[in-house]
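Worksheet: the structure to be examined is printed underneath.
Read the figures in this text as sums done on the coordinates, not as results from a lab. On a predicted model such as this, the values are computed, not experimentally measured, just so you know. Here the Cβ positions follow ideal geometry from the backbone for every residue, glycine too, while neighbour counts run over all protein chains shown.
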Amino acid sequence: MLSKTDHDYGTPARTSVKLVTLEVDGREVTVPEGTSVLRAAALADVAIPKLCATDSLEPFGSCRLCLVQVEGRNGYPASCTTPVESGMKVRTKSEMLERLRRGVMELYMSDHPPDRAACAGNGNCELHAMADAVGLGEMRYGFEGKNHLAAMRDASNPYFAFDPARCIVCSRCVRACEEVQGTFALTIDGRGFDSVVSPSQHQPFFESECVSCGACVQACPTDALVEKSMLDKGAAERSVTTTCGYCGVGCSFKAEVKGDEVVRMLPNKDGMPNHGHSCVKGRFAWGYATHADRMLAPMVRENIGDAWREVSWDEAVSYAAKRLKEIQSKYGPGSIGGITSSRCTNEETYLVQKMVRAAFGNNNVDTCARVCHSPTGYGLKTTLGTSAGTQDFDSVLQADVVLVIGCNPTDGHPVFASLMKRRLRQGAKLIVADPRTIDLVRTPHVEAVYHLPLLPGTNVALVNAFAHVVLSEGLANEGFVRERCEWPAYELWKKFILEERNSPDAAAKVTGVPAEKIRDAARLYATGGNAVIYYGLGVTEHSQGSTMVLGMANLAMATGNLGRAGVGVNPLRGQNNVQGSCDMGSFPHELTGYRHLSDVATLGSFEAAWGVKLDPEPGLRIPNMFDAALDGSFRGLYVQGEDIAQSDPNTHHVTAALGAMECVIVHDIFFNETAKFAHVFLPGSSFLEKDGTFTNSERRISRVRKVMPPLAGKADWEVTCELSTALGYPMHYAHPSEIMDEIARLTPTFAGVSYEKLDRLGSVQWPCNDKAPAGTPVMHVGQFVRGKGHFVVTEYVPTDEKVGPRFPLILTTGRILSQYNVGTQTRRTANVAWHHEDVLEIHPHDAEERGVRDGAWVKISSRAGETTLRAQVTERVPPGVVYTTFHHQSSGTNIVTTENSDWATNCPEYKVTAVQVMPAAEPGARRAAGQGADAHAHAVAGR
Ligand code: SF4
Ligand code: SF4
Ligand code: SF4
Ligand code: FES
């Protein structure tokens, strides 16, 4: 039987180094000081009945079921709230204890629906299990007395229901919402018999502050809070440990399965990124995997105006290979390329870049990380020596000051946000640098000490001003710099930073943030103890994205905030495998592990392993591919799991480039916008349908395990092997583990990685090799990867995207909790209940000036294009800035964004677009025409 509470030790583990030895029922057990008697007993293999205690929550002591006797003490203390003491002798079984426990259970059961079989867990309810454990047979009380059995059920949440009749008011849900999730949406209202669980102000769950993370459902020991999927489908038969396919937190889940059908995704208590927690996407929004829109048959067509023809896999693959080869013979070897996906596994991504380099015979391979975190790769590699975040997530629990720049963790990386909020509730100080008042600025029991609402596009001015304060006020840790960094580069940087143009007063004029506030925030960062930086696309998706990453690394080095737990510079990655797709050699100039093609030894090792001569010249980046398509030299593209027509900036430019190509091969699970320009469509497999690995934001490599067979018959890695083979470069692997073995052989930072090790340890963080066989949670300890840390001068250069009379507002973009990326997956789940369209946030002042009403349609125009959205008038954005998300294709947000990009990496400047906003009478033509590719997909599939 599967259980929500696998190996529940009753109360959380304690970390004290001081150990205490006691005796439980005659068994000696040694545990850290502060451990509860309940946990100590569980560790000694003595099960004490319990209901209100669970090991993910602090003990509460309300149910009185876990009573024990302690030698030399009077009474029957609750073992969950009694800490161990040295020499303690605990007795957990006696006639009296049994009588007391039976009495407690009898009271609970007399107010609980008697039909055990009606439990969604089919008898897997802890309440019933405890009734059995205490030997409760006959009950002395009937159901005639006052009870809650007729209480109203709340089924307002799309994914779970609350049945007060089954509630025992143990408060586990309330504590889970507070301690695990940090939302504080639940209370126990009333007293005694009238006590009842209440979301927000007696609201239904859906209308309350609840963010649908499901922590309360997981914590509930009865079926009072239960997943609707369990009620619909019944209990699971088996469970498979795998990794979430959504964001870069990379939560570990146990997929509970009945036949080939998922009935529940249960966050894995042993999962290192999430420790048993999850968000609404990973836990509940998995229904897209079997949505009717899934494309299940390969299709081909001669021209993009022709009707699609469903064909066999063999025909589709040989047709694709033939067309690519024809293009190469006509236009040359460099006329085709491929795009790898940050949603696919490491093994699949590795194979796509291998196919491009070895079978296409060029280096025209790029990845969607180009449009999100490529500046992270450049900036962190240049300064510290490796293109990845410096810490593990748990490191935040040792931070004293948390600086959040250009990311919105509660929406984008919710499980990590919960961990961060826990640390902030414990007293760590928070600085938020973001134009918007994101939730973290003020959320229950968390408030930023400083919110710096800088103008979009001015990050570099701000970070330089922080550094100016540090250096001019003598707050730098020059001992650290002398020992760990290149001193001459530091001196050059210091001289530059101390120039007046980098002072807080100068920055105030550019950023709009008062100089004194910048000074105070910088002082806090430099002097508040362990200071850590977390950042996101609000840093990278700028024309100075790379400069800002360099600037943050400079600041962290100058203050000595690198190389130990609780500090560091950490990118929060958007997609599940952005880190992995970059690690796997997806960029046109690098092989796996970020080694440049010009490194002769590395190139030679790949040539020897792959048995082919490789081109030593870097290939085209995605934007270069588009430009080359329009000038006629790039004619064929293979795209795996990426909807470039929707996700890349300046849609008109992208679609013109796609329309100019002679063969576009789209490999995806849904018919997307890019597929409208395709000649070959290869149906992809979701994360539930294949084996492999994902690497999350903390460099953690975790297994993805096949939960059900691929719906279209093949996992993506198998298709790549077949296409490569058809192109004349045979690839054969019996299982993705063999692909990982090859990656490990060719990549020093992955040398110690194998499926056997991942199965044994659960997950590992690279570098994982002979020096670090169990992986590396914190990087740059003792020495930077590049040897000495390198300071780089970071000149602030204003973006070319200027506001003016025609386009007076700045549009910036971001994400919302319930949706993910361009919405391909989440729009096909009940998550649309929370967010069914993108809206434009506009400040009341700007709205009033334009006659824009809340909820009315507005037209947003930029020099790239225009679209319509509904307005949301809110002070969340400052005057002069408007904000939207890009989850719905009907919004066409990227029609408006321009092709400005980061100077070093071409990462698009999504975060700054000069726009005008005016009232519109009705939605634009794009909305009126239907839902873009979704409608097209239905037509193609005859649905
Ligand atoms: S809903 Fe569940 S967890 Fe919450 S108080 Fe009731 S029984 Fe306990
Ligand atoms: S689902 Fe999450 S946010 Fe909502 S009440 Fe439960 S614990 Fe709180
Ligand atoms: S935080 Fe990210 S990885 Fe974790 S469950 Fe949510 S979407 Fe999945
Ligand atoms: S489990 Fe200890 S009082 Fe409830």
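Some observations on this one:
- Distance between the range 476-540 and the range 314-361 - C-alpha centres, whole angstrom: 45 Å
- Nitroxide proxy distance, nm - points 7 Å out along Cα→Cβ at residue 918 and residue 314: 6.0 nm
- Pairwise FRET efficiency - residue 783 versus residue 98, Cβ, R0 = 45 Å, nearest 0.05: 0.15
- Each eigenvalue of the Cα gyration tensor of the chain, multiplied by 5 and square-rooted, gives one semi-axis; in descending order these are 46, 33, 30 Å.
- Estimated distance in nm for a label pair at residue 203 and residue 447, the labels positioned 7 Å out from Cα along Cα-to-Cβ: 2.1 nm
- Prolate/oblate/rounded call for the range 272-353, Cα gyration tensor, a/c under 1.5 rounded: oblate
- Count Lys and Arg as plus one, Asp and Glu as minus one, and take only other residues whose Cβ is under 9 Å from that of residue 44; the net charge is then -3.
- The fraction of Cα-Cα pairs per 10 angstrom bin, counted from 0 for the range 852-926, comes to 19, 51, 25, 5, 0 percent, rounded to whole percents.
- What separates the Cα centres of the range 691-769 and the range 184-219 is a distance of 42 Å.
- For residue 391, net neighbour charge (Lys/Arg +1, Asp/Glu -1) across residues whose Cβ lies under 10 Å away: -1
- The overall shape of the range 550-678, judged from the alpha-carbon gyration tensor, is oblate: a/c is not under 1.5, and a/b is no greater than b/c.
- Over 27 Å (Cα to Cα) - which of 258/354; 494/788; 89/269; 258/281; 281/421 fall in this group: 258/354; 89/269
- Applying 0.36 nm per residue to the separation of residue 89 and residue 17 and subtracting their alpha-carbon distance, the gain on full extension is 23.7 nm.
- With the highest mean first, a sort of the peptides 238-250, 309-321, 429-441 on other beta-carbon atoms found within 10 angstrom per residue produces 238-250, 429-441, 309-321.
- Least to most buried among 809, 524 (fewest other Cβ within 10 Å first): 524, 809
- For the range 687-784, trypsin sites (Lys or Arg not before Pro) meeting the loop criterion (DSSP other than H, G, I, E, B) and having at most 12 other Cβ atoms within 10 Å: 771.
- Relative contact order [Cα under 8 Å, 6+ residues apart], the range 394-447, whole percent: 43 percent
- Loop-located GluC sites (Glu not before Pro) in the range 726-818 (DSSP state other than H, G, I, E, B) with a sparse environment of at most 16 neighbouring Cβ atoms within 10 Å: 795.
- 10 Å beta-carbon shell around residue 629, net charge (K/R +1, D/E -1): -2
- Sorted fewest first by neighbouring Cβ atoms within 10 angstrom, 510, 915 come out as 510, 915.
- Only helices enter the 222 nm calculation for the chain: every DSSP H run of n ≥ 4 contributes -39,500 (n - 2.57), and dividing by all residues gives -8000 deg cm²/dmol, rounded to 500.
- Inter-label distance, residue 806 to residue 598: 4.0 nm, where each label sits 7 Å from its Cα along the C-beta direction.
- Where GluC sites (Glu not before Pro) fall in DSSP loop in the range 1-79, at most 16 other Cβ within 10 Å: 33, 71
- Separation of alpha-carbon centers, the range 46-109 and the range 412-448, rounded to whole Å: 37 Å
- Averaged over residues, the count of other Cβ atoms within 10 Å places the peptides 465-477, 103-115, 810-822 in the sequence 810-822, 465-477, 103-115, highest first.
- In a fully extended conformation the segment linking residue 475 and residue 756 would gain 96.4 nm over its present Cα-Cα distance, using 0.36 nm per residue.
- Gyration tensor verdict on the range 682-824 (Cα atoms; rounded if a/c is under 1.5, prolate if a/b is larger than b/c, oblate otherwise): oblate
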